[in-house]
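Right, one structure below, let's go through it.
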Amino acid sequence: MNKAVCPVCFHHCSLKEDEYGLCRARKNSGGTVVCANYGKVTALALDPIEKKPLKRFFPGSMILSAGSFGCNLNCPFCQNHTIAAAGGNGFKAYREILPQEICEAAVRAKSRGNIGVAYTYNEAVVGYEFVRDTAKAVHEAGLKNVIVTNGTAELWVLEELLPYINAMNIDLKSFRPEGYRQLAGDLETVLKFITRAAEDCHVELTTLIVPGLSDSAEEMEHEAKWIADLDPEIPLHITRYFPMRHMTAPPTDIGCMKELEETARKYLKYVYLGNI
């Protein structure tokens with residue numbers, strides 16, 4: 001039987017009929033790789049915009065946050081692993097919601113301070129078709145769209161989304177190629193994604209400071225310089241790691257967090273510590 005190759009991210013999973021990709025959200029159906037999590041929502045909640053985290057995009061507002069399942073990275077410290085690492089055959093912990101229904105819920109929530117919809121909790125881009133269709137409806141309703149993403153997607157996927165997206169928070173998990181390889185990721189893919197996204201929408205970045213992965217002052221120096229060359233006003237969230245999923249190392253040392261903050265502030269105008 002012919003295989004089909006998924007074009008969405010650098011993994012380019014080659015899939016047999018009914019086989020799911022590494023993300024567990026896309027599969028080969030009849031010789032075409034389809035979005036298997038389309039409309040399958042695992043979480044829907046009204047959150048403060050700062051929780052995304054976005055500090056400099058409509059601060060003080062609320063946003064309707066929607067998530068599905070699946071992710072194309074494999075982070076041993078994932079805080080949302082119950083849905084991000086889930087999917088494929090047999091996963092039923094979702095309800096089916098149409099894009100227009102989410103849009104209507106967002107409009108109803110305007111009275112509670114809602115400004116739009118955030119695509120979050122799992123990795124949004126692995127189900128880009130649902131994000132695109134929902135974001136288009138939300139955009140046409142005059143509301144805002146936010147994506148929270150690991151940035152691990154081919155640029156053509158980003159181009160499909162950008163016409164409707166107002167802001168993104170993008171994870172920059174490490175500034176070493178070998179660091180990303182530990183997570184089944186690719187640094188260059190993420191840097192290209194950030195660069196393109198910053199041309200057309202508000203972008204904030206998040207680096208989770210994981211012991212042994214991203215806690216080097218030298219690495220933060222390189223990262224902050226790179227961001228500053230792109231735009232020194234891009235906000236950087238430096239977030240404290242806590243044990244989760246497969247990782248049992250103790251939480252990141254507060255002194256280390258503050259040192260990395262000082263390093264980043266040499267180059268960037270807006271640096272925020274998180275989970276302190």
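Going by what's in this entry, would residue 224 be described as hydrophobic (A, V, I, L, M, F, W, C) and either in contact with a Lys or Arg (Cβ under 9 Å, 6 or more places away or on another chain) or at pLDDT below 95 (or both)? Yes, satisfied.
Scanning for something assigned to a loop (DSSP other than H, G, I, E, B) and in contact (Cβ under 8 Å) with a residue 60 or more places away in the chain, does segment 131-152 turn up at least one residue? Yes, segment 131-152 contains at least one residue that is assigned to a loop (DSSP other than H, G, I, E, B) and in contact (Cβ under 8 Å) with a residue 60 or more places away in the chain. For residue 160, the conditions (1) over 21 Å from residue 56 (Cα atoms); (2) at pLDDT 95 or above; (3) touching a His at 6+ places or on another chain (Cβ under 8 Å) all hold with the exception of (3).
For residue 233, the criteria (1) among the acidic types (Asp, Glu); (2) buried (at least 19 other Cβ atoms within 10 Å of the Cβ); (3) in a loop (DSSP other than H, G, I, E, B) hold in every case but one, which is (2). Listed conditions (1) touching a residue at least 60 places away in the same chain (Cβ under 8 Å); (2) under 24 Å from residue 235 (Cα atoms); (3) basic (Lys, Arg) are all met by residue 51, apart from (1). Of all residue pairs spaced 6 or more apart or on separate chains, those with beta-carbon atoms under 7 Å, a first member in segment 214-238 that is within 24 Å of residue 51 (Cβ to Cβ) and in contact (Cβ under 8 Å) with a residue 24 or more places away in the chain and a second member that is hydroxyl-bearing (Ser, Thr, Tyr) and buried (at least 23 other Cβ atoms within 10 Å of the Cβ) are 214/174; 214/207; 223/207; 236/207; 238/207.
The values are calculated or read from the model by the stated rules, or taken from the named source; none is laboratory data. Here the structure is a predicted model, which means the values were calculated and not measured. Positions of Cβ are backbone-derived with ideal geometry, glycine not excepted, and every protein chain shown enters the neighbour counts.
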